[in-house]
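Following this message is one structure expressed as structure tokens.
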Number of protein chains: 2
Amino acid sequence: MAEFQTVKGMRDFLPNEAILRDKVFEKIKKVFERFGFSPAITPSLEYYEVFANKYGIGEENLKNIYQFEDKSGRKLALRFDQTVPLARLIACNPQLPKPFKRYEISRVWRYEEIKKGRYREFWQCDIDIVGSKSMLADAEVIACAIEAVKELGFKDFVMRINNRKLLSALLKYTKVKTKENDVLRIIDKLDKIGQKGVEKELLELGLKKDEVKMIFDVIMTKGSVKDILNKISFLENYDLGKEGVEELEKLFDYLKDMVEEKYFCIDLSLARGLDYYTSNIFELSVKDKTIGSIAGGGRYDEMIGKFVGGKEQIPAVGIALGIERIIELLKEKENNVANVTKVFVANVSENNRKDSIKIAKTLREKGINTEIDLMERPLSKQLDYANKCKIPFVLIVGDQEVKTGKYKLKDMSKGTEISVNISQLINILLD
Amino acid sequence: MAEFQTVKGMRDFLPNEAILRDKVFEKIKKVFERFGFSPAITPSLEYYEVFANKYGIGEENLKNIYQFEDKSGRKLALRFDQTVPLARLIACNPQLPKPFKRYEISRVWRYEEIKKGRYREFWQCDIDIVGSKSMLADAEVIACAIEAVKELGFKDFVMRINNRKLLSALLKYTKVKTKENDVLRIIDKLDKIGQKGVEKELLELGLKKDEVKMIFDVIMTKGSVKDILNKISFLENYDLGKEGVEELEKLFDYLKDMVEEKYFCIDLSLARGLDYYTSNIFELSVKDKTIGSIAGGGRYDEMIGKFVGGKEQIPAVGIALGIERIIELLKEKENNVANVTKVFVANVSENNRKDSIKIAKTLREKGINTEIDLMERPLSKQLDYANKCKIPFVLIVGDQEVKTGKYKLKDMSKGTEISVNISQLINILLD
């Protein structure tokens, strides 16, 4: 049965990768919590209708959902994203104080074509603020994502920010008749297919040449936030345009008190693919990388309210870190750690086994990750194992060492060796 | 659509519960890592055959697996446990250095009848050592589980230990002809149905009265490890009995150097339900609690080797913490924390909003979990929110405070209030 494999598009993570993932998740969680986001957990399975209803993930996405009937004939689906389950959670828990700020880092499943860097089981990492209309909430999710990305060691990145209301006003201004979301989905491809590509697709969609030109004149406007908003002030003749400008002004005003200005900018060409955004949208990309954006989100004031029953609006804003991409980038930078162990306590002969056990006990009580020989192997094989597992230190425990209380400590990466007593050993290993 | 609910038998965890779960997992992980167990992650889905093959979870369990066909007709199953996926992982990665020590804390799914405390999605928490035949490996998983349970704050518990080889020898000695596993599964119910109940079921299974009496004479033997092993020395006339006694002697000899003796004992009546155990078995229960065992495991030397292809034996030993039960017990003890936030920085009027933002920024930079008002609410409503969310501290930021640099800090649980400057504030909150 050696032919058993992982399901196509799904991955095992051996310790070297699992340790890195764990570290990344821990760092991100700490930043989320500093901003007052608390964890919430939803099930991996939802009733299919939760995703398939009108305010769920949309027909195109439904094609890629894992769904099946359980034994009692209920139609279930593996979680496609974490936003729709959040809406369901809010619906089930009207008692929750608002704003409700939660993060969730968990698995989602999509039956998609397998490409480099795309998997059928992957992790999402979301923060959302439910119940606040204030631009301060948008500023907070943006600032929080920027801090998380900084914490992970990224330096050269920028959060591009736009507003859907401005884009809607622009399409009104250009008198484009085509469905707004279709136009936005094409503009969203600007990074991938370039201006020429977008122009071509917009023309194919039925837009006129002068309409396309007017769109590009606006979305390619460059300059400071103030400059850009001045240049497009004519859009304020439309209600949505006015709201969009005001929202962006407030947002940037808050943001500059929260994070360094080099980390964010306005970009009127940013469109974002999802239908449900209603106001600010944002996307974080690492410069000089072809890997695309590593965080993205926006405000979606309609979705949850409609999901819950449509009687009241439940405003919300959120951002998701593209955690799989982030981990790919970090893998290039980080040292590969093969396991969590800091020190291997080796016994020279069978006589010293119990001495090793006792020393390991002392070290573990101090919180030091410690291994001993579990294979009853000779010393040379113990060293081989420590070497293969890239354990940083090996302590040698033999009769002489036990007698004198002085032990040889090998630094496995440097190849050096020093003599230590137990308290020196603890200090070195805790360092 | 307000009627949407969680899938039957599955749960949302709002922040109050999610925070406790997170804390429990973090503590357990730290202990596992101190013992040199590294994390490994396997997918939630496996090919159905991984579980359904001869060395998988067994026919009885297969009835309760969530399985379905994906769009290309592959038969998939949601992970039923974490042990079979570990066997598959070992099969896929023969290069892994041995011993391979991994932990995995993740979700599993079982379509079972729903009872109090039983769910269709729940978390398992496993450590296993693969590749070592030494009793030192058994001692290590037992010691590690005991330390984890201690770390969680349990004091009055005991790990009961037995050996399957002894039980096999006992059934040889009593000349019982019935299938061994059927007998063991009944003995395993001793805690639940008592001696009378077990006797009754054994008789119903076809055992003779004197056979049942002989079994009970042995399994109810009380005393120290040495006493008990002496009393049953007649089982050493059988090869398996001899091996069993030797294994237990070695195991207890190692264990007493690793953990306090009050935390473990020998119990010949322990049987464990699973078929695949081959040697030591163990189970940890909290005294004076009706909740049953909160950890259990054993040595299973045959399963992985056969799973991998049967050419070589791959010995393994592991233990699982019954994490859902543990969390139920801790919920009774622990304070209910509604969110992660340590301090809410309240602004007296709109004028002070930016002052609050700046103070929040400073606190967050110090690693303090901080919230500000995101609803543009008056001060009284801000205090209501902090109160509802059980945020321990509220800082009041008004014109006067900003001018003097002295802020009012409310301790929300005590109802007291003190005046602090920013550096005093930081010291108090970091405490």
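The values are calculated or read from the model by the stated rules, or taken from the named source; none is laboratory data. Computed from a predicted structure; not experimentally measured. Here the Cβ positions follow ideal geometry from the backbone for every residue, glycine too, while neighbour counts run over all protein chains shown. The accessibility values were calculated without ligands, DNA or RNA, using every heavy atom of the protein model including side chains. Shrake-Rupley method; radii C 1.70, N 1.55, O 1.52, S 1.80 Å.
Between the stretch A:409-425 and the stretch B:350-379, what's the alpha-carbon centroid distance in Å?
The stretch A:409-425 and the stretch B:350-379 have Cα centres separated by 48 Å.
In nm, give the distance between the simple-model label positions of B:GLU312 and A:ASN351, each being 7 Å from the Cα along the Cα-to-Cβ direction.
Distance between label points: 3.2 nm.
Calculate, in whole percent, how much of the Cα-Cα pair population of the protein assembly as shown lies beyond 51 Å. Don't skip to the answer; put the middle values down first.
Details: 94573 of 371091 pairs.
Across the protein assembly as shown, Cα pairs with separations above 51 Å total 25 percent.
To the nearest 20 debye, what charge dipole does the protein assembly as shown have about its Cα centre, counting +1 at the Cβ of each Lys and Arg and -1 at the Cβ of each Asp and Glu? Write out the running numbers ahead of the final one.
Numbers: 148 positive and 136 negative charges, 5 e Å.
Dipole about the Cα centre, nearest 20: 20 debye.
Provide the per-residue ³J(HN,Hα) series for the stretch B:319-325, in order, calculated from phi with Karplus coefficients 6.51, -1.76, 1.60 and θ = phi - 60°, each as a whole number of Hz, with x at glycine and proline positions.
8, 10, 8, x, 5, 5, 5
In terms of Cα to Cα distance under 16 Å, which aspartates and glutamates are near enough to B:LYS406, apart from those fewer than 8 places away along the same chain?
B:ASP355, B:GLU417
Just to confirm the numbers: B:LYS115, label point 7 angstrom along the Cα-Cβ line, distances to the other copies in nm, shortest first?
So the distances to the same position in the other copies read 5.0 nm.
Could you work out [θ]222 nm for chain B from helices alone, using -39500 (n - 2.57) per DSSP H run of at least four and dividing by all its residues? Round to the nearest 500 deg cm²/dmol. Don't skip to the end; give the middle numbers.
On the way: 17 runs with 183 residues, N = 431.
The per-residue figure over chain B is -13000 deg cm²/dmol.
For the cross-link pairs B:LYS381/B:LYS410; A:LYS189/A:LYS231; A:LYS98/B:LYS381; A:LYS358/B:LYS333; A:LYS101/A:LYS133, which exceed 22 Å when the distance is taken from alpha carbon to alpha carbon?
Over 22 Å apart, Cα to Cα: A:LYS189/A:LYS231; A:LYS358/B:LYS333.
5 Å is the cut-off here: which amide hydrogens, built 1.01 Å from N in the peptide plane, fall below it relative to A:ASN280, excluding neighbours closer than 5 in sequence?
Sorted by chain and number, the residues that satisfy this are A:ARG164, A:ARG299.
Suppose we consider the axis relating copy B to copy A; can you name the residue of B with the nearest Cβ and state that distance in angstrom as an integer?
B:PHE68, 2
Sticking with this one: Using each residue's phi in the stretch B:52-60, evaluate 6.51 cos²θ - 1.76 cosθ + 1.60 at θ = phi - 60° and report the 3J(HN,Hα) Karplus result to the nearest Hz, with x for Gly and Pro.
Once rounded to whole Hz, the list reads 8, 6, 3, 9, x, 8, x, 4, 4.
Over the C-alpha atoms of the stretch A:2-333, what are the Rg and the largest Cα-to-Cα span, Dmax, in Å?
20.2, 69
Could I ask something else about it? Rounded to the nearest 5, what % of the DSSP beta bridges within the stretch A:2-333 are antiparallel ones? Don't skip to the end; give the middle numbers.
Values: 39 of 44 bridges.
Expressed as a percentage, antiparallel bridges in the stretch A:2-333 total about 90.
Moving to a separate point now. Got a sec? Charge dipole of chain A, +1 on Cβ for Lys and Arg, -1 for Asp and Glu; which of A:ILE372, A:GLN195, A:ALA338 is way out at the positive end?
Positive-end residue among those listed: A:ILE372.
Over the stretch A:1-121, one equal point on each Cα, no solvent: what is log10 I(q)/I(0) by the Debye formula at q = 0.21 Å⁻¹?
Evaluating at q = 0.21 Å⁻¹ gives log10 I(q)/I(0) of -1.29.
Putting +1 on Lys and Arg Cβ atoms and -1 on Asp and Glu Cβ atoms, find which of A:TYR238, A:TYR173, A:LEU78 reaches farthest to the positive end of the dipole of chain A.
A:LEU78
With the full set of protein chains in place, find how many percent of the accessible area of the stretch A:1-131 is carbon and sulfur; take the probe as 1.4 Å. Intermediate values should be presented prior to the final figure.
Values: 2190 of 4660 Å².
Accessible surface attributable to carbon and sulfur in the stretch A:1-131 totals 47 percent.
OK, next. On the first, second and third principal axes, largest extent first, how far apart are the outermost C-alpha atoms of the stretch B:343-430 in Å?
Between the extreme Cα coordinates on each principal axis of the stretch B:343-430 lie 28, 27, 23 Å.
In whole percent, what relative contact order does the stretch B:203-281 give with Cα contacts below 8 Å and a gap of six or more residues? Before the final figure, lay out the partial values.
On the way: 32 pairs, mean separation 27.1, N = 79.
Relative contact order comes out at 34 percent.
Rounded to the nearest 100 Å², what's the accessible area chains A and B bury against each other, both chains counted, probe 1.4 Å?
About 9000 Å² of accessible surface is lost on pairing.
I would also like to ask the following. Based on the Kirkwood radius over alpha-carbon pairs, what is the Stokes-Einstein translational diffusion coefficient of the stretch A:133-290 at 10 °C with 1.306 mPa s viscosity, in µm²/s?
98
OK, next. Determine the percent antiparallel among the DSSP beta bridges restricted to the stretch A:343-430, to the nearest 5. Walk me through the numbers on the way to the answer.
Values: 9 of 17 bridges.
Rounded to the nearest five, the antiparallel share is 55 percent.
Apply the Karplus curve 6.51 cos²θ - 1.76 cosθ + 1.60, θ = phi - 60°, to the phi angles in the stretch B:151-159 and return the couplings in whole Hz, x for Gly and Pro.
4, 7, x, 6, 10, 9, 8, 8, 9
Taking the Cβ of A:THR416 as the center, what net charge do the other residues with Cβ under 14 Å away carry, scoring Lys and Arg +1 and Asp and Glu -1?
Values: positive: A:LYS408, A:LYS410, A:LYS414; negative: A:ASP411, A:GLU417.
Value of the local net charge: +1.
While we're here: Go through A:LYS54/A:LYS311; A:LYS23/A:LYS331; A:LYS256/B:LYS403 and tell me which ones have a Cα-Cα distance over 18 Å in this structure. Write down the numbers at each step before the final one.
Numbers: A:LYS54/A:LYS311 16 Å; A:LYS23/A:LYS331 12 Å; A:LYS256/B:LYS403 22 Å.
Pairs exceeding 18 Å: A:LYS256/B:LYS403.
Peptide B:13-21: average number of partner chain Cβ atoms within 10 Å per residue? Before the final figure, lay out each step's value.
Details: counts 7, 11, 10, 2, 3, 8, 4, 0, 2.
Taking the mean over all residues of the peptide, I get 5.
With contacts defined as alpha carbon pairs under 8 Å and 6 or more residues apart, what's the relative contact order of chain A in percent? Provide the component values of the computation, followed by the final result.
Details: 695 pairs, mean separation 66.3, N = 431.
Relative contact order for chain A comes out at 15 percent.
What's the magnitude of the charge dipole for the stretch B:71-139 around its Cα centre, counting Lys and Arg as +1 and Asp and Glu as -1 at the beta-carbon? Answer in Debye, nearest 20.
Working: 15 positive and 8 negative charges, 69 e Å.
Charge dipole, the stretch B:71-139, about its Cα centre: 320 debye, nearest 20.
Here's another thing I want to ask about it. Could you list which residues have their amide H under 5 Å from that of B:TYR103, counting only those 5 or more apart in sequence or on another chain, with H placed in the peptide plane?
Counting only residues 5 or more places away or on other chains, the set is B:SER38, B:ALA40.
How much area per residue is accessible in the stretch B:343-430 when the probe is 1.4 Å and only protein heavy atoms are counted (Å²)?
Values: 4220 Å² over 88 residues.
For the stretch B:343-430, the per-residue accessible area is 48 Å².
Compute accessible area for the stretch A:91-118 by itself and then with all protein chains, 1.4 Å probe, and report residues whose area falls by 50 Å² or more.
SASA drop of 50 Å² or more in the stretch A:91-118: A:PRO97, A:PRO99, A:ARG107, A:TYR111.
Separate question: For the stretch A:56-70 and the stretch B:283-326, write down the distance between their C-alpha centroids in whole Å.
37
Quick one: net charge around A:ILE193, please, counting Lys, Arg +1 and Asp, Glu -1 for every other residue with C-beta under 15 Å from its C-beta.
On the way: positive: A:ARG185, A:LYS189, A:LYS192, A:LYS196, A:LYS200; negative: A:ASP188, A:ASP191, A:GLU199, A:GLU201, A:GLU204.
Taking every Cβ under 15 Å from that of A:ILE193, the sum is 0.
Calculate, in nm to one decimal, what A:ARG11 and A:ASP431 gain on full extension: separation in residues at 0.36 nm each, minus their alpha carbon distance. Walk me through the intermediate numbers first.
On the way: separation 420, 0.36 × 420 = 151.20 nm, distance 3.44 nm.
Using 0.36 nm per residue and subtracting the Cα-Cα distance, I get 147.8 nm.
Under a 5 Å amide H to amide H cut-off, with H placed in plane at 1.01 Å, what residues pair with B:TYR66 once short-range neighbours are removed?
HN-HN under 5 Å from B:TYR66: B:LEU78, B:TYR111.
In addition: Evaluate E = 1/(1 + (r/R0)^6) for B:ASN237 and B:GLU151, where r is the Cβ-Cβ distance and R0 equals 45 Å; express this FRET efficiency to the nearest 0.05.
On the way: r = 43 Å, r/R0 = 0.95.
E(calc), rounded to 0.05, equals 0.55.
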